[in-house]
Each structure stands twice: as C-alpha cells, then as structure tokens.
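Only one structure is covered here, and it is reproduced in the block below.
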There are 2 protein chains.
Amino acid sequence: MNSQSGKTIGVFDSGFGGLTVLHALLAAHNPVSRYAFLGDSARLPYGSKSRRTIARYAVESARYLVERQNAGFLVIACNTASALALDAITAAVPVPVLGVITPGAEAAKAASRTGDVLVIATDATVQSRAYSAALAAHGLRALEKACPLLVPLVEEGWTSHPVTREIIRIYLDELLAHASSIGMKPDTLLLGCTHYPLIRPLIEQAVPAGIRVIDSAEATAAAVAARFHNRQSSEPTELRFFATDSVEKFERLGSRFLGKPTGPVTLVDLDG
Amino acid sequence: MNSQSGKTIGVFDSGFGGLTVLHALLAAHNPVSRYAFLGDSARLPYGSKSRRTIARYAVESARYLVERQNAGFLVIACNTASALALDAITAAVPVPVLGVITPGAEAAKAASRTGDVLVIATDATVQSRAYSAALAAHGLRALEKACPLLVPLVEEGWTSHPVTREIIRIYLDELLAHASSIGMKPDTLLLGCTHYPLIRPLIEQAVPAGIRVIDSAEATAAAVAARFHNRQSSEPTELRFFATDSVEKFERLGSRFLGKPTGPVTLVDLDG
C-alpha cells in the first residue's frame, strides 16, 4: 500500500460545510498529504432535493475528483449525499468511497450506553432514514429530527447569537419531548450535518447533562486516519479547492468552516 | 390584441415563492385565464448563486415555458432572476417578459413622499443593486438589506413564530439605524422577495409608524392586469404547475404560497 501513500484524497460536498470534515481530516494527523476538495456550490443545497437529483449531481462531482483530479480515495463530506447517493457514487467510480453516515453511527455505538441515540440533520438526511438504518445495524435505537434553520443561521454567521441559541433550544426541546414520549433514554446526540460543528458549543450548552454530543465530521476523519495509519508521508500538505459557482464566496466563507483561509479556489463547470 | 386574449401567461420562479405572485395575479382579476407556472426547484435557491449561473438556469426555464407550454407572456416571479437575468431572458425568448423589480420600483414611486425607500431581499438581489438602480431611475434613494434567514423561516412554516418576529426586529433595527446614520427619512419599505408576503403581518407590526410596506408581488400583478385590462375572457381559469424536482414537496408546500391547493404538479427535466 505504501506505493499509494502519496495519492490524493478527494473530498466532496454540496457546498462549504464539508470543509469541517477536511478540517477534521487535517487535524487527525492523516499521513495522506494531498487533498482535492470540490464544493458543488452551483447546485447547493442538496438537503431540499430528491434522491434522483442528488445522486445525479453527486456522481458528476465524484467522477470529476477521480477522473480529473486523480483522487484515489473519496470522502463524501456531505450527509445528504452520503445518505442518498453513496451507492450510486460507489457504483460510478473505481476507487474506495467513504461517506459520513457509517463513521457517525460507529462513533455513536462507541459512545452510547443506553443504546438510544438522537440525530439532528437536514430535512433530506432525516427523510432518508439513513442514520436510523446505520444505527439500527449497530443495535442502536435512533430518533431523528430535521433542523432546517441551523444551516442558514451558520451561513449568516450567527454562530454564537442569542437567536441561534433559542432556535437550538426549541428544536432540542421538541426532540427530547418526543424521545421521552416514546420511552427512549437517549445519552448521545449525533450531529448529522457538516455545518453543525460551528455551533457545537451552543448545542453542548443546550443538551441536558448526561447526553454526549458527537460529530460525524470528526468520526469520519478518525475513520480515514485509521485506514491509512500504516502509511508514512513526509510531504508537505497540498490542498486544492474547486467549486462549481461563486469562488469568491467560497474563498470568503470557506475559512469559517476550514478554520483557516482556503487560498485560491478554481471554478469548474460540471454540466455545461 | 383580442385574438391573443386566451393565451397563456408563463410564470417562472426558482421555487415556490413565486406562487405569491401567481396568487396576486389571480386576485387582480386579470382577464387572462391560462397560467403555466414553472418552479426550478432542482436548482433552488438562486439567491446564493452567481449571475452567470442564474442566467443560464433562468433562460432554460423561460424557454421551457415559451417553447413547450406556449406561453405568450412571461412573468419572472423571482426577484433574484429578475435582478440578474432579465436581460438574458428577454434576449432568449420571442415574447414580452416582465420581472418583479420594475413594478416594485414603480409602486414605491407612487407610495413614497420623502423619496427614501428601504428594500429587504435575498443576498443575491441586494448584491445586484437592481432595486437601487430601478428606484434611482424614478428619482428615489434606496437603502437595501439582505435578510437571508427570512426565506428559511417561511419555509419552516414559522410565519407567526416569536423567533421570526425577533429576527425581523433585528434586521429592521439594523436597517433603520443605517438609514438614520446616513440622513435618510424613509417612508416606504419594499418587500423584494416573493417569500416575504407570508410574513407581511409581522413585518408591518415591526416597522415604525409612518413607514408603509409595499410588495413587489402585488405590484407585479397590478402591472400585468393593467397591461391586459382591455381584454375579455369568459373562460374558466386554468392553472398548470411544473417543477424540476420534488413535485410532492411542491404540492405540499405550494399551497401556503398560492393560498389554495396547487393540485397535481408535473416533473420536468431541464438539463438531463
């Protein structure tokens, strides 16, 4: 496998949110040092679209990373695409593909003692029931809730705003009341959207004592690091960024999610 | 012109919001009785995309309505597309095209005595400066503010929620403070997004006395009715609905914007 140690990891998202996964990949001391990130920003958000449309868009993006950027491994850093299009992507490209759902479910398995797990995510991710299925495969019971205002609040930059705190409280109160009404004893809250790490402090303050917050972005990064742990790399990290629209906006907002400036972003046209 | 009195008006939006314009068209006793509405829901929202991308999408949609649905007149019921793509659409189709910006500006001209007009809209509409330019052409001074949380709040159904009231207050306080700081005496607030009519009661309660709220959807419907006022039609109204994605969601949410059930929606594929 060492011959592949310099290969590129392709990281794909519908927009900027997946940069929190790339941030986690870089923080996880992954020996792979080359990354190509593609944000399909012309067609975001995927969260409100149908499975058929999401699969078509995600496959085009995955092919771009493999065929044009020589990615030898793909991370689908988008919960919606992982939930709705992982099979389609895996069938369409000749490289290993890892989504964020399975690592998130595995991290929940490791964290939960009661076996009852709460999940917050976008509408499309929740409707797909992908987290429920992945958690059930580990013997866990899941209750999912769509929180469609959280992504726009993060994108507005209100990541520590009282209104955001209040909306998180409303969503979590509804979710906890529902869990209680069906006899669940949740001890784990899984963040099933790549935007949510930016409001993780507010979410942690809002959950009752005894509920641990875990994050699919971190879990995915840990899974990638585990996969490549026996490789060595002395090369400096090389990051390349591609977007299907608004590279200026990507450069301006992307740093919030990545935790540092992205540098120049290259515009690509996937359907023209 | 009477020979054309039965022709179809094509109404185009990036999603559902433009149904408030169709609602206003139906309420304006327009003698034209056939409407084809296309929501480009696979690619919504346009508000966060670039001019180039918006123009390409909007032209495809406009052509569909003219070439496939025989629309003889187009209403661009989307502020973002009106702001960024009206020239491109007008050049691409052989029928008259009316956007929502010009009627909105004309209504503001009729309403304002001080000549100072506030505009709230999506980020892309504000960045286009289209309302400022259209208002300046009528001798009015404009101050625009992007309110990116209002569309998701409306789509979440929180149209009379205390959080929505609070967010409107925050946005309007910032806008009024800015207007005051530059010596403006605004007496008119123009709603430059087709989602905003659904929260118009909350907006009207939030503005100070002496500021009148006007709405581009109503203004556009009045402009269409004036254009066709000399026609007569005894035909029953015929409404046809098309969407590029999620017809179930369109049917489920569209009624909020239209004010009555849409009935069946036909899925169309514009880029496949």
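Things to note:
- Any hit, the range B:173-182, residues being touching a Cys at 6+ places or on another chain (Cβ under 7 Å) and assigned to a helix (DSSP H, G or I): no
- Single match in A:Leu98, A:Leu84 (criterion: in a helix (DSSP H, G or I) and either touching a residue at least 24 places away in the same chain (Cβ under 8 Å) or in contact with a strand residue (DSSP E or B) (Cβ under 7 Å, 6 or more places away or on another chain) (or both)): A:Leu84
- Residue within the range B:54-75 that is assigned by TED's automatic domain parsing to the domain that holds B:Arg227 and assigned to a loop (DSSP other than H, G, I, E, B) present: yes
- Matching residues in the range A:233-263 - criterion: being within 20 Å of the chain's Cα centre (by Cα), among the small types (Gly, Ala, Ser) and on the phi < 0 side of the Ramachandran plot: A:Ala243, A:Gly254, A:Ser255
- Positions within the range B:232-272 being in contact (Cβ under 8 Å) with a residue 12 or more places away in the chain, assigned to a loop (DSSP other than H, G, I, E, B) and of a type in the set (Gly, Ala, Ser), in sequence order: B:Ser233, B:Ser246, B:Gly259, B:Gly263
- Of everything in the range A:96-120 that is buried (at least 18 other Cβ atoms within 10 Å of the Cβ) and β-branched (Val, Ile, Thr), the residue that is nearest to A:Gly72 (Cα to Cα) is A:Val97.
- Residue check for B:Arg256: charged (D, E, K, R), closer than 30 Å to B:Leu118 by Cα and assigned by TED's automatic domain parsing to the domain that holds B:Arg63: yes
- The range A:121-155, subset within 14 Å of chain B (Cβ to nearest Cβ) and in a strand (DSSP E or B), residue surrounded by the fewest Cβ atoms within 10 Å (Cβ to Cβ): A:Lys145
- Every pair of residues 6+ apart whose Cβ atoms lie under 9 Å, when the first sits in the range A:157-171 and is farther than 19 Å from A:Arg252 by Cβ while the second is surrounded by fewer than 19 Cβ atoms within 10 Å (Cβ to Cβ) and of a type in the set (Ser, Thr, Tyr): none
- Unmet criterion (only one of (1) touching a Phe, Trp or Tyr at 6+ places or on another chain (Cβ under 9 Å); (2) within 14 Å of chain A (Cβ to nearest Cβ); (3) not aliphatic (A, V, I, L, M)) for B:Pro96: (2)
Residue by residue, here is whether (1) aromatic (Phe, Trp, Tyr); (2) over 15 Å from A:Ala85 (Cα atoms) holds:
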residue: A:Val21; (1), (2): no, yes
residue: A:Leu38; (1), (2): no, yes
residue: A:Tyr46; (1), (2): yes, no
residue: A:Ala62; (1), (2): no, no
residue: A:Arg68; (1), (2): no, yes
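- Residue match in the range A:54-66 (condition: within 13 Å of another protein chain (Cβ to nearest Cβ), crowded, with 24+ Cβ neighbours inside 10 Å, on the phi < 0 side of the Ramachandran plot and under 13 Å from the mean Cα position of the chain (by Cα)): no
- Subset of the range A:247-272 that is facing chain B (nearest Cβ under 10 Å) and acidic (Asp, Glu) - its residue that is nearest to A:Thr159 (Cα to Cα): A:Glu248
- Here B:Asp123 meets each of (1) of a type outside the set (Ser, Thr, Tyr); (2) under 16 Å from the mean Cα position of the chain (by Cα); (3) farther than 26 Å from B:Phe250 by Cα with one exception, condition (3).
- Residue in the range B:176-195 that is closer than 28 Å to A:Gly47 by Cα, in contact with a Gly (Cβ under 6 Å, 6 or more places away or on another chain), surrounded by 16 or more Cβ atoms within 10 Å (Cβ to Cβ) and within 14 Å of another protein chain (Cβ to nearest Cβ) present: yes
- Breaking point among (1) within 13 Å of chain B (Cβ to nearest Cβ); (2) within 21 Å of A:Thr20 (Cα to Cα), for A:Arg51: (2)
- Qualifying positions in the range B:18-44 - modelled with pLDDT under 90 and within 14 Å of chain A (Cβ to nearest Cβ): B:Ser41, B:Ala42, B:Arg43, B:Leu44
- Filtering B:Thr114, B:Thr164, B:Thr122, B:Thr90 for residues that are in contact with a Cys (Cβ under 9 Å, 6 or more places away or on another chain) and either under 25 Å from B:Ser48 (Cβ atoms) or among the hydroxyl-bearing types (Ser, Thr, Tyr) (or both) leaves a single hit, B:Thr122.
- Checklist (1) of a type in the set (Ser, Thr, Tyr); (2) within 30 Å of A:Leu74 (Cβ to Cβ); (3) out of contact with any Pro (no Cβ under 9 Å at 6 or more places or on another chain) applied to A:Ser181, failing item: (2)
- Boolean, A:Phe241 is in the same structural domain as A:Ser33 (by TED's automatic domain parsing) and modelled with pLDDT of 95 or more: yes
- Residues within the range B:21-53 that are under 19 Å from B:Leu239 (Cα atoms) and surrounded by fewer than 22 Cβ atoms within 10 Å (Cβ to Cβ), tallied: 9
The values are calculated or read from the model by the stated rules, or taken from the named source; none is laboratory data. Note that the coordinates shown come from a computational prediction; the quantities given were computed from them, not determined experimentally. Backbone-built Cβ (ideal geometry, glycine too); neighbour counts: all protein chains shown.
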